[in-house]
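What follows is one structure encoded as structure tokens, with my remarks underneath.
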Amino acid sequence: MEPNTDDQIEGQRIVAIRGMTDSELEREDWSARRGDSPPVIELESGILLYPSMDPEGNGPGALFGMNPDNEAFFLSPDLENQI
């Protein structure tokens, strides 16, 4: 796995937030139950961002965030495109 730099990601527009596809899960050698697929952030350049449980990529993980009111949330897209 090659490192990526912020300048390859920063400023790009997000075009989709979705669950990982079966082929993407297979490429990572991960498995997920229906509705338990990790979220993917797809950028306009085609870069895909998704959480991993560790730097080695031993399994999928959760994506957490914080809104401007300092309220925590997690990103969990379901497979019917309802986020």
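The values are calculated or read from the model by the stated rules, or taken from the named source; none is laboratory data. Since we're looking at a predicted model, the values are computed, not measured. All Cβ positions, even for glycine, are placed from backbone atoms using ideal geometry, and neighbour counts span all protein chains on display.
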S37: passes all of (1) more than 15 Å from L75 (Cβ to Cβ); (2) assigned to a loop (DSSP other than H, G, I, E, B) but (1)
Residue set I14, I47, I41; condition loosely packed, with under 11 Cβ neighbours inside 10 Å and at pLDDT 90 or above; output residue I14
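Residues checked against (1) more than 15 Å from the chain's Cα centre (by Cα); (2) modelled with pLDDT under 90; (3) of a type in the set (S, T, Y):
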site	(1), (2), (3)
M1	yes, yes, no
M20	no, no, no
S23	no, no, yes
R27	no, no, no
S31	no, yes, yes
F74	no, yes, no
Complete set of residues in region 50-72 that are surrounded by 12 or more Cβ atoms within 10 Å (Cβ to Cβ) and over 13 Å from the mean Cα position of the chain (by Cα):
N58
Residue satisfying all of: in region 13-31; in contact (Cβ under 8 Å) with a residue 40 or more places away in the chain and of a type in the set (A, V, I, L, M); nearest to G59 (Cα to Cα) among these:
M20
